[in-house]
Amino acid sequence: MNVLSHPFDRLDPARVVASVESLGFYLLGEPFALNSYENRVYLVSDDEQRRWVAKFYRPARWTNGAIQEEHDFLQELKAAGVAVAAPWRNEQGQSLHQHESYRFALFPNLPGQAPELENPAHLFALGDVIGAAHCVGKQGVFAHRQRLALGDMACDASEAVLSSGWLSVRQEAAYRRVTDKLCAQLSRVDMEGVQIIRVHGDCHVGNMLGRDDHFALVDFDDCLMAPAVQDLWMLLTAQHEADWQLQFSEVIEGYEQHIDFDRRELQLIEPLRTLRLIRYSAWLLARRDDPAFPLAFPWLNDESYWSAHIRELEQQRQAMEQKTRWLA
């Protein structure tokens, strides 16, 4: 197998242990692989009965500067009392380490379960922790990480799909028609006056862990400069106005314990949803040669998936045009 094509195929348990122990730890037992596809993440335990999450970064995805900004942001958040896991640093203050060809970091394990988005107490708690994070996020800027650009990001992702040769001729034509329209719509979204801050970037339920009404944010791998609503919209899952308003009121009540939320940003929810839909399929194709992906996403080879995806994009185009009345 070509190591350069599949950069993680040599990352066996022995190398994981050797990497962590190169930092001066002594591990007990075998590393336990956690669900992660972009990077490789393992739960390990040391001889002091501490549990750690060892995160091995995908080669060539982020520069060292971008990874360091993730780590430094987490350190800022932790210092401000925000519930996050900041990476372990050695005596020289280094949080990004290297063993053989792998760059990695070590995080304290935060146990817990994903929140229930139908639970008002959970929604309030999530708004609370995100609001606290955004208080810190607005106090600085990223120099090495992305800045949200709706049109450009969507166009890059759609071109990646079209150039992959993965779609049938009929699907390619349909996909191009709908994404051309969506990219044009996204390029026209008015961002004038929208405050851009450092945000988590990928606030889905899998990246928020806790119990009862206390939650922490984990996995800042996609942190970027973006509007605050980037970290809020995926919490608002209800399809009907009354239910949506209930979800929103709980999230924002928790959020505004720390910082005001500009309601004008609600108009960005459908554009952000559109961008995520386009980028997700492009991401799957970009990683299709990774051995972990065919096992996790076997339906990527199914022509029906792409037909359904194109229909979903067309529905999203209509949603962008119509604007949900309670978001307008």
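Collect the residues in region 7-44 that are of a type in the set (Ser, Thr, Tyr) and part of a loop (DSSP other than H, G, I, E, B), keeping them in residue-number order. Listed by number, the residues that qualify are 22, 26, 36, 37. Residues in region 47-100 that are among the charged types (D, E, K, R) and either part of a loop (DSSP other than H, G, I, E, B) or surrounded by fewer than 17 Cβ atoms within 10 Å (Cβ to Cβ) (or both): 47, 48, 50, 51, 58, 61, 72, 78, 89, 91, 100. Figure legend. Inter-residue proximity from region 257-282: first residues over 19 Å from residue 315 (Cβ atoms), second residues of a type in the set (S, T, N, Q) and surrounded by fewer than 17 Cβ atoms within 10 Å (Cβ to Cβ), beta-carbon distance below 9 Å, spacing 6+ or different chains. Indicated pairs: 262/195; 265/195. The set of residues in region 291-307 being at pLDDT below 90 and either of a type in the set (Val, Ile, Thr) or more than 17 Å from residue 160 (Cα to Cα) (or both) consists of 291, 292, 293, 294, 295, 296, 297, 298, 299, 302, 303.
The values are calculated or read from the model by the stated rules, or taken from the named source; none is laboratory data. Note that the coordinates shown come from a computational prediction; the quantities given were computed from them, not determined experimentally. Counting neighbours? That spans all protein chains shown, and the Cβs are built from the backbone with ideal geometry, glycine included.
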